[in-house]
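Each remark here refers to the structure printed beneath this line.
Rule-based calculations on the coordinates, nothing more; no lab input. The structure presented is a predicted model; accordingly, all values stated were derived computationally and were not measured. A quick note on method: Cβ atoms are made from the backbone with ideal geometry, for glycine too, and the neighbour counts reach across all protein chains shown.
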Amino acid sequence: MQATVRTVAFQGIDVLPVDVQVLVAPGTIAFAVVGLADKAVGESRERVRACFRALGLALPPQRITVNLSPADLAKEGSHYDLPIALGLLAALGVLPRESVEGFVVLGELALDGSLCRVPGVLPAAIAAQAAGRGVICPAVCGGEAAWGGFDSLADTDRPPIIAAPSLLALINHLRGQQTLPAPEALMADDRATYPDLSEIKGQESAKRVLEIAAAGGHNLLMIGPPGSGKSMLAARLPGLLPPLDAEEALEASMVRSLAGDLGEGRLSRRRTFRDPHHSATLQALIGGGARPKPGEVSLAHHGVLFLDELPEFNGIR
Ligand SMILES: Nc1ncnc2c1ncn2[C@@H]1O[C@H](COP(=O)(O)OP(=O)(O)OP(=O)(O)O)[C@@H](O)[C@H]1O
Ligand SMILES: [Mg+2]
């Protein structure tokens, strides 16, 4: 009784394929997850167990081994819950094994069986659709996943995207007992206006420099006495830039998706304006940490990074 479900691991913005292999075999009763899993992945056992109980399913009194392959690649995050659960359901015969083939699966389980938002669905969906695979993800990430195959394929050729609100709804869909609606790729309604350059009195040369920097994509260093309007000018820079084109919007959204910052999964053509405080740590600025997340520099991709009070920043002093 073995089943394999495809999911992904993230390295920066790169998406690496990971196979979740589930084996249910006679032996000491146990539920083991192996394959360089971090604490969040190890804990997914408890979520899967609770979820099965909520669905009225009992784990068999057998030895369950979950292997995350390749075993030498570190696995982080909670998006392995759903592939582990589906692998187990397929290994137990609750789901036909072929129903989960050809999909990339990611999602976190709540104890009641509902599916929670996970970061990185957009880059995972782009990689999956490029490889001709469908995507199974939580309903809250459906909008993001729907952007995965955008532009690259005609509607009819696109592998399916299944965005389920709960594990039960997903099981019913995969068994053909219920049909989940296909998620829609939505744009954010971001016509909200930026502060306008017309609010600045005088400062003609500074305004002209701002326009030149916006047109040429140049860096700007502003030096001047306190209260002369430097911060005010900088905040008006994104309004001078054109809206993101489709490719730029997708790239910028991929970074935001990995940071778990994409809201409803709607893409936006708005240029970001990031102005971190000068007390921000180096990791917050350039990304990093034990579980690397994009920093302010990456989050400002295709937008404006404004380092107000530049000499006060840690590491610059
Ligand atoms: N040219 C201007 N037109 C209209 N308002 C201005 C202008 N210059 C300054 N102000 C007013 O002064 C306030 C302070 O400006 P701002 O904070 O941009 O200055 P700053 O150069 O960043 O100063 P600091 O060096 O202290 O950070 C603005 O919020 C605005 O109300
Ligand atoms: Mg200022």
Gain upon complete extension [Gln11, Asp112; 0.36 nm per residue less C-alpha separation]: 33.3 nm
Overall form of region 84-195 per C-alpha gyration tensor (a/c, 1.5; a/b vs b/c): prolate
Using alpha-carbon coordinates, inclination of helix 39-54 to the longest axis of the chain, degrees: 50
Using alpha-carbon coordinates, inclination of helix 204-216 to the longest axis of the chain, degrees: 40
Count of Lys pairs (Cα-Cα under 19 Å; at least 8 positions apart or interchain) in the chain: 5
Rounded tilt (10° steps) of 81-91 against the dominant C-alpha axis of the chain: 20
Convex hull volume of region 197-312 per residue (C-alpha atoms, cubic angstrom): 117
Most to least packed among 25-31, 276-282, 124-130 [average Cβ atoms within 10 Å]: 124-130, 276-282, 25-31
Pairwise Cα inverse-distance average, inverted: Kirkwood Rh of region 171-242 (Å): 15.8
Simple Cβ-charge dipole of region 197-312, Lys/Arg +1 and Asp/Glu -1, about Cα centre, in debye nearest 20: 120
Bins of 5 Å from zero: percent of alpha-carbon pairs in region 2-174: 2, 9, 19, 23, 22, 14, 6, 3, 1, 0, 0
Descending semi-axes in Å of the chain, equivalent ellipsoid built from Cα gyration tensor: 45, 21, 15
Ranked packing of 159-165, 139-145, most packed first, by mean Cβ within 10 Å: 139-145, 159-165
Unit charges at the beta carbon, dipole of the chain: most positive-side option, Ala25, Ala124, Val255: Ala25
Euclidean distance between Cα centres, region 1-79 to region 168-206, Å: 32
Per-residue [θ]222 nm for the chain (sum of -39500 (n - 2.57) over DSSP H runs n ≥ 4, rounded to 500): -8000 deg cm²/dmol
